[in-house]
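Input: a single structure, listed below in structure tokens.
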Amino acid sequence: MTALRAARDGGALSMPGRVATDWRMIWLATCCGMTAALQIGKGSAALPLIRAEFGSAVSVLAAYVSLISVVAALAGFGFGMASRRVGPRRAALTGLALIVVAGLGGALANGAIWLIGTRLIEAIGFALCTTALPALIRGAAGTGKSSAVMGIWAMWLPAGVAVAMALAALSLDPLGWRWFFVLCAVAPGVAWVALWRGGRRAVAVPPADAPQAISARDVLRRTELLVAAVFVSFSAGNMILMSFLPTILVDDMGLSPSRAGLAVMVAMLCMLPMNVATGRMIDRGWSMPLMTGAAVAVIAVAALLITADGAPGWVRMTGVIGFGLGAGVPPAAIWGSIPLLAQRPADAPLLSGLFYQGAGLGQVSGPIVAGLVLSRWPGWWIASWCVVAMMVLSIALALWLARSMAARA
């Protein structure tokens with residue numbers, strides 16, 4: 001039996017009997033991730049009010065919004081190494097605490113520099129959570145369910161951002177952005193208490209110096225790097241479309257900003273069932289690279305439908321829904337590959353850090369590339385072709401990844 005198959009079976013070959021799944025820990029860790037993801041949604045939602053109060057330049061505010069992705073792009077793998085060194089539960093608790101402190105500090109900010117400083121602390125906490133929580137979930141997975149539970153974990157980002165958008169709609173106007181920041185800080189505070197109290201019986205992860213622990217160099221092999229490369233190209237195209245989608249819906253379809261925001265939230269909610277279904281399908285033997293390739297092809301078509309000049313509104317909204325359905329597959333497939341590639345739960349933080357860094361690189365580079373292209377050739381249809389280009393690259397990388405995984409099987 002190969003290493004990949006043994007890992008996918010949850011280590012059933014190395015331990016007698018079947019291992020029960022700790023669903024309580026899986027949902028607890030996923031909800032902790034959702035509270036961290038609130039901080040991504042809160043930045044975008046509160047930006048107009050922050051700009052009105054501080055009068056800051058757009059470039060400064062853009063730095064605030066993108067700082068989480070920048071930290072991921074620069075040091076995601078390093079945070080994965082740190083999470084394994086101190087242990088995933090301790091790293092997750094530290095990350096949640098930093099998010100709470102930074103969120104409350106941001107609510108007290110008297111200028112853009114203070115705000116960006118608190119965002120940097122928030123980004124560090126976010127990175128610790130994102131690399132540590134998948135390891136807790138991987139350790140709680142029972143026999144034959146390792147990729148399925150990672151599909152549940154993949155819901156953390158779209159669900160968290162969707163909750164942030166809903167919370168913003170309810171609280172920004174009556175309370176203002178500062179109290180909105182406080183609300184977004186309370187949630188990870190509650191998550192910290194729940195993880196501290198409920199996670200004490202979490203699956204123990206051996207320390208980095210355990211005899212069987214792999215080194216960072218062992219993770220940086222062709223298959224793992226190809227998975228990260230797929231995440232880079234997918235995240236680049238996904239972020240281009242996600243960033244410009246509200247503006248496209250307002251400019252081209254004549255929707256109000258609130259309706260455009262609602263459409264984006266619906267697209268994100270469409271990702272959730274696809275996250276769960278993807279993890280279950282991987283556990284049942286479906287090919288992770290081929291599923292990813294098919295999904296990014298759907299995203300490419302959706303981008304063209306959304307920007308189709310003169311197309312009826314229902315066609316464009318079909319593209320929005322298609323984008324949400326397609327975008328729910330690659331993250332779940334990539335996070336679901338961790339049990340296939342990590343032979344022990346202790347290896348999961350390293351892979352989480354590597355993939356998280358790939359996502360950050362794509363999120364930072366995609367909008368920059370699209371902005372440069374649009375500055376030379378204006379038109380939203382040009383932006384859609386930037387998305388198509390990234391998705392074509394993702395398909396090529398996914399096919400290469402399929403060959404690499406087959407060679408290791």
Most packed first (mean Cβ within 10 Å per residue), the peptides 265-271, 324-330 order as 324-330, 265-271
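Run the accessible area of region 49-200 with a 1.4 Å probe and give the carbon-and-sulfur part as a rounded percent. Before the final figure, lay out the partial values.
Numbers: 4080 of 5720 Å².
Carbon and sulfur: 71 percent of the exposed surface of region 49-200.
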For the chain, what are Rg and Dmax over the alpha carbons, in angstrom? 20.4, 63
How would you rank 307-315, 280-288, highest first, on the average number of other Cβ atoms within 10 Å across their residues? 280-288, 307-315
Excluding ligands, DNA and RNA, the carbon-plus-sulfur percentage of the accessible area of region 263-333 with a 1.4 Å probe reads 76
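Sum -39500 (n - 2.57) across every DSSP H segment of at least 4 residues in the chain, then divide by the residue count to get the 222 nm mean residue ellipticity, nearest 500. Each step should come with its number before you reach the end.
Working: 17 runs with 333 residues, N = 409.
Theoretical 222 nm ellipticity from helices: -28000 deg cm²/dmol.
Hydropathy first: keep DSSP H helices in the chain averaging at least -1.0 on Kyte-Doolittle, then drop any whose Cα extent along the axis falls short of 30 Å, and list what survives.
The qualifying helices are 23-54, 58-86, 112-140, 177-198, 222-253, 257-283, 348-376, 380-408.
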What order do you get for 184-197, 126-139, 84-97 when each peptide is scored by the mean count of other beta carbon atoms within 10 Å, highest first? 126-139, 84-97, 184-197
Euclidean distance between Cα centres, region 110-157 to region 355-409, Å: 23
Residues of the chain: accessible area per residue at 1.4 Å, in Å²? 41
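The values are calculated or read from the model by the stated rules, or taken from the named source; none is laboratory data. If you're wondering where the values come from, they're calculated on a predicted model, not measured in any experiment. Don't worry about glycine lacking a Cβ; one is built from the backbone with ideal geometry, like all the others, and counts go over all protein chains shown. The protein model used for the area step is the full one, side chains on, heavy atoms only, and it has no ligands, DNA or RNA in it. Shrake-Rupley method; radii C 1.70, N 1.55, O 1.52, S 1.80 Å.
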